[in-house]
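Here's the structure, in structure tokens; my notes come after.
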Amino acid sequence: MWSRENLTKWGLIDRGNFNPFTLADDHPGAALRLEAVERWITGAKQDNRNSGHYLSKIWKEVMIRRTYASPNPL
């Protein structure tokens, strides 16, 4: 996904070393967030505050809210 072709298509190639967590949630390049976890969140030199903020953006994509009142989709 980090290919030059995709980055050019999404208008990110000119931004150099861009951070996918700064993109709008509906931007196609936001799909790079999951591949960027090690670099921006879990890396040894990462700031805990930024890591938490970036992780919250990923949780929105993977968390499913189910309650007792939720209808069964099956």
Calculated from backbone phi, Karplus (6.51, -1.76, 1.60) coupling profile of the range 37-50 in Hz, x at Gly/Pro: 4, 5, 5, 9, 10, 9, x, 4, 9, 7, 7, 4, 5, 5
Cβ-derived FRET efficiency at R0 25 Å, Lys9 paired with Ile58, nearest 0.05: 0.65
Could you work out, for the chain, what percent of all Cα-Cα pairs fall into each 5 Å distance bin, beginning at 0 Å and stopping at the bin that holds the largest distance? 3, 14, 23, 19, 14, 11, 7, 5, 3, 1
Quickly work out the Asn48-to-Phe18 label distance, labels modelled 7 Å from Cα along the C-beta direction, and quote it in nm with one decimal. 3.1
Per the rule of 0.36 nm per residue minus the C-alpha distance, extending Tyr68 to Asp25 adds in nm 12.6 nm
Where does the chain land at 222 nm, in deg cm²/dmol rounded to the nearest 500, when only DSSP H runs of n ≥ 4 count, each adding -39500 (n - 2.57), divided by all residues? -8500 deg cm²/dmol
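Since every read-out is calculated from the coordinates, none of them should be taken as a lab result. In this text, all values refer to a predicted model and were calculated from it rather than measured experimentally. Note that each Cβ is placed from the backbone with ideal geometry, even for glycine, and that neighbours are counted across all protein chains shown.
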